[in-house]
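Some notes on the structure that comes next.
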Amino acid sequence: QVRVVESGGGLVQPGGSLILSCAVPVSIFSIPAMGWYRQAPGKERELVATVTSGGKNYADSVNGRFTISRDNAQKTVYLRMNSLKPEDTAVYYCNRVSPSWYWGQGTQVTVSS
């Protein structure tokens, strides 16, 4: 069972920045296509950013503010979040894209004054 460990979440004020990390098991030789997802209470999990061999893509709601990257040497996928808004509040998850691995615990991001 392959499962990532997300970290870096926390409480941040609107307009602030945060960097999330997704640790991929070292047994994975090369990081595959990966995505960051988020889920707010009462809502379905949504895909917010992907990094694949074809490049990077972002949901309209975060485009221009979030940046996804992967470092194969460190076996880590990052999500840099700038200009955070209260509506960004959610549990953020990282996972392989099509097919997914097992879901991790996620990391809570709360944007509030």
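Here is how the numbers come out for the structure above:
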| quantity | calculated |
| --- | --- |
| Net dipole in debye of the stretch 58-103 [+1 Lys, Arg Cβ; -1 Asp, Glu Cβ; about Cα centre; nearest 20] | 180 |
| Relative contact order [Cα under 8 Å, 6+ residues apart], the stretch 1-94, whole percent | 35 |
| Carbon and sulfur %, accessible surface of the stretch 12-87 computed with the full protein complex present, 1.4 Å | 49 |
| Signed unit charges on C-beta, dipole axis of the chain, positive-most listed residue VAL48, TYR78, LEU18 | TYR78 |
| Reach of LYS85 by Cα under 18 Å, taken over aspartates and glutamates that are not fewer than 8 positions away in the same chain | GLU46, ASP60 |
| Other-chain or far-sequence residues with amide H under 5 Å of GLY104's (modelled H) | VAL4, CYS94 |
| Per DSSP, loop chymotrypsin sites (Phe, Trp or Tyr not before Pro) in the stretch 27-65 with at most 15 further Cβ within 10 Å | PHE29 |
| Accessible area of the chain divided out per residue, in Å², using a probe of 1.4 angstrom | 54 |
| Highest-first arrangement of 2-14, 84-96, where packing means the average Cβ count within 10 Å | 84-96, 2-14 |
| Distance between the stretch 2-35 and the stretch 42-66 - C-alpha centres, whole angstrom | 14 |
| Overall form of the stretch 55-113 per C-alpha gyration tensor (a/c, 1.5; a/b vs b/c) | prolate |
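The values are calculated or read from the model by the stated rules, or taken from the named source; none is laboratory data. Quick caveat, the model's predicted, so the values are computed rather than measured. Cβ: placed from backbone, ideal geometry, glycine included. Neighbour counts: every protein chain shown. These area figures cover heavy atoms from the full protein model, side chains too; ligands, DNA and RNA do not enter into them. Shrake-Rupley method; radii C 1.70, N 1.55, O 1.52, S 1.80 Å.
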